[in-house]
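Below is one structure, written out as structure tokens; comments come after it.
Laboratory data are not the source of any read-out in this text; all were calculated from the coordinates shown. Since the model is a prediction, treat every value here as computed from it, not as a measurement. Glycine also receives a Cβ, built like all others from the backbone with ideal geometry; neighbour counts cover every protein chain displayed.
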Amino acid sequence: MIQNLGLYVHIPFCAKKCAYCDFPSYAGRMGWRDRYVDRLVSEITQTGVLHAHPVAETAYIGGGTPTLLTPNQMRRVLDALNQSFPLAQDAEFSCEANPGMVSDAMLDTLRAGGVNRLSLGAQSANAAELSLLGRQHAWRQVEDAVARARRAGFDNLNIDLMMGLPGQTLATFEDTLDAALALEPEHISCYGLIVEEGTPFAQGVLQGTLALPAEDEERAMVDLALDRLTGAGFYRYEVSNYARPGRECKHNLNCWQRAPYLGFGAAAHSLMPGLAERRANPDTLEAYVSGQPAEIATLSPADQRFESVMLGLRMVQGVLLAGFQAMHGVSLRDVYAAPMERAVAQGLAEMDERAFRLTLRGMDVMNAVLVDFLDEGQ
Ligand code: SF4
């Protein structure tokens, strides 16, 4: 029996590549969908047999834009998942969707296949910001998608937002937060823009045609999100994620606690019990569809311990001491006493008998804290 198993399915098709995106997603390749789904169904089915059909606690269909599959193609994926991995009774089953690209027929197909949580890539309520990002929707399509998702029976919705965009101000971000809250979702994610090498955004920043908000302005956006969302009944449970109580994304929480997961599709990763081996499927459609095998990376005990810290500190609850000890056979303090003490002394972290966690100030400079942990415990 595999405890807390999560499933991830990657659907890498997009209508158009967004200007900031370096995810493994492909525009203009819709003709590949049938072949891709054939391979996906076969991978899911074979893996289910290999692991003797374990129960899954969570499942997540991400992309790309999963709702660009036809309802029939999506049904095949959902059937393969449900037949190969029975879902626990209270399982959380999420699917990402882009506003303007999710039909009623798709929403009904998702519901019929057990999907009970929808995550909408809304990003911004400001038309100029959406256009700069290269997104294909307007905010009224976010409103429309939410209304139709509710009608289809989704009672658990996430809205993804972005901060730190070129030209974005505190005022436009506040408008976006207000617009998102007006939709009454159960969960809101606020991701800071990361300018990834090789994207049109990176080129724009390099050439000086795109100006990012100053660091203190971006920090003010983080504070504003915290203030506004907390005031509206959400609580921050991870550096970028806010939920109404009980509506945290269980799938992501399990990943941040290094629970095992199986990934299917191009570029999908898996981490299995024993938790020492990460498998990465090939990135390209060609390599994946042709059945090229996953790459396997073996994680040393030190790598695994650092991964627990790196992922655990993203969460407001921090790294749970008992969980760390049970997973690694050694206490967090025994491995990381020096960087832990330094972080506490600088007011960046705190510890009690249950957990070691970052303070609000520590969350702002999480990468710097992690660098201090990196060389310890080798
Ligand atoms: S929709 Fe998402 S995955 Fe597709 S290009 Fe845009 S950001 Fe990337």
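So which cysteines of the chain have no other cysteine's Cβ under 4.7 Å from theirs?
CYS14, CYS95, CYS190, CYS249, CYS255
About its Cα centre, how strong a charge dipole does the range 300-378 have in debye, to the nearest 20, once Lys and Arg get +1 and Asp and Glu get -1 at the Cβ?
It comes to approximately 180 debye.
Starting from the amide H of ALA349, placed 1.01 Å from N in the peptide plane, find each other amide H under 5 Å away whose residue is 5 or more places distant or on another chain.
VAL344, THR359
Given the Cα-Cα distance of THR298 and SER42 and 0.36 nm per residue of separation, how much length would full extension add, in nm?
That works out to 89.6 nm of additional length.
By how many nm would the segment from ASP144 to SER331 lengthen if fully extended, with 0.36 nm per residue of separation less the alpha-carbon distance?
62.3 nm
Under a 5 Å amide H to amide H cut-off, with H placed in plane at 1.01 Å, what residues pair with GLN123 once short-range neighbours are removed?
Amide H to amide H, under 5 Å and 5 or more residues apart or across chains, GLN123 pairs with ASP160, LEU161, MET162.
Going 7 Å from the Cα of ARG33 toward and past its Cβ, which residues in the range 137-158 have a backbone nitrogen under 18 Å from where you end up?
137, by backbone N distance to the label point.
For the chain, give me the percentage of DSSP beta bridges that are antiparallel, rounded to the nearest 5 percent.
40 percent
If you place +1 on the Cβ of every Lys and Arg, -1 on the Cβ of every Asp and Glu, and leave all else neutral, what size is the dipole of the chain about its Cα centre, to the nearest 20 Debye? Display every interim value, and only then the final one.
Working: 31 positive and 46 negative charges, 211 e Å.
Computed about the Cα centre, the dipole is about 1020 debye.
Can you give the percent of C-alpha pairs in the chain whose distance is more than 28 Å?
The calculated P(r) of the chain puts 48 percent of pairs beyond 28 Å.
What is the distance in Å between the Cα centroid of the range 292-317 and that of the range 224-241?
27 Å
How much mean residue ellipticity at 222 nm does the chain get from its helices, if each DSSP H run of length 4 or more adds -39500 (n - 2.57) and you divide by all residues, to the nearest 500 deg cm²/dmol?
-12500 deg cm²/dmol
Of the DSSP beta bridges with both residues in the range 47-165, give the percent that are antiparallel, rounding to the nearest 5.
Values: 0 of 14 bridges.
Within the range 47-165, antiparallel bridges account for around 0 percent of the total.
For the charge dipole of the range 300-378, defined by +1 on Lys and Arg C-beta atoms and -1 on Asp and Glu C-beta atoms about the Cα centroid, which residue among GLN317, VAL335, ALA368 has the Cα displaced farthest towards the positive pole?
Farthest along the dipole direction, towards plus: GLN317.
Between the range 60-129 and the range 182-197, what is the C-alpha centre distance in whole Å?
When both Cα centres are located, 18 Å separates them.
Can you report the principal axis dimensions of the range 157-297 using only the alpha carbons, biggest first, rounded to whole angstrom?
Largest first, the range 157-297 extends 49, 45, 25 Å along its Cα principal axes.
Could you calculate the contour length gain from THR169 to LYS16, that is, 0.36 nm times the residue separation minus the distance between their Cα atoms, to one decimal place in nm? Present the calculation step by step, with values, prior to reporting the outcome.
Numbers: separation 153, 0.36 × 153 = 55.08 nm, distance 2.61 nm.
Full extension of this stretch gives 52.5 nm more.
What shape does the range 34-135 have by the C-alpha gyration tensor, where a ≥ b ≥ c are the square roots of the eigenvalues, rounded means a/c under 1.5, and otherwise prolate means a/b greater than b/c and oblate the rest?
prolate
Based on the alpha carbon coordinates of the range 279-324, what radius of gyration and maximum Cα-Cα distance (Dmax) apply, in Å?
15.8, 44
What FRET efficiency do you get for GLN317 and ARG279 if R0 is 41 Å and r is their Cβ-Cβ distance, rounded to the nearest 0.05?
That pair, GLN317 with ARG279, gives E of 0.90.
What nm distance separates the two modelled labels at ASP90 and LEU50, each placed 7 Å from Cα along Cα→Cβ?
My value for the distance between the label points is 3.1 nm.
First check a/c for the range 300-378, with a ≥ b ≥ c the square roots of the eigenvalues of its C-alpha gyration tensor; if it is under 1.5, answer rounded, and if not, answer prolate when a/b is larger than b/c or oblate otherwise.
Since a/c reaches 1.5 and a/b is larger than b/c, the shape of the range 300-378 is classed as prolate.
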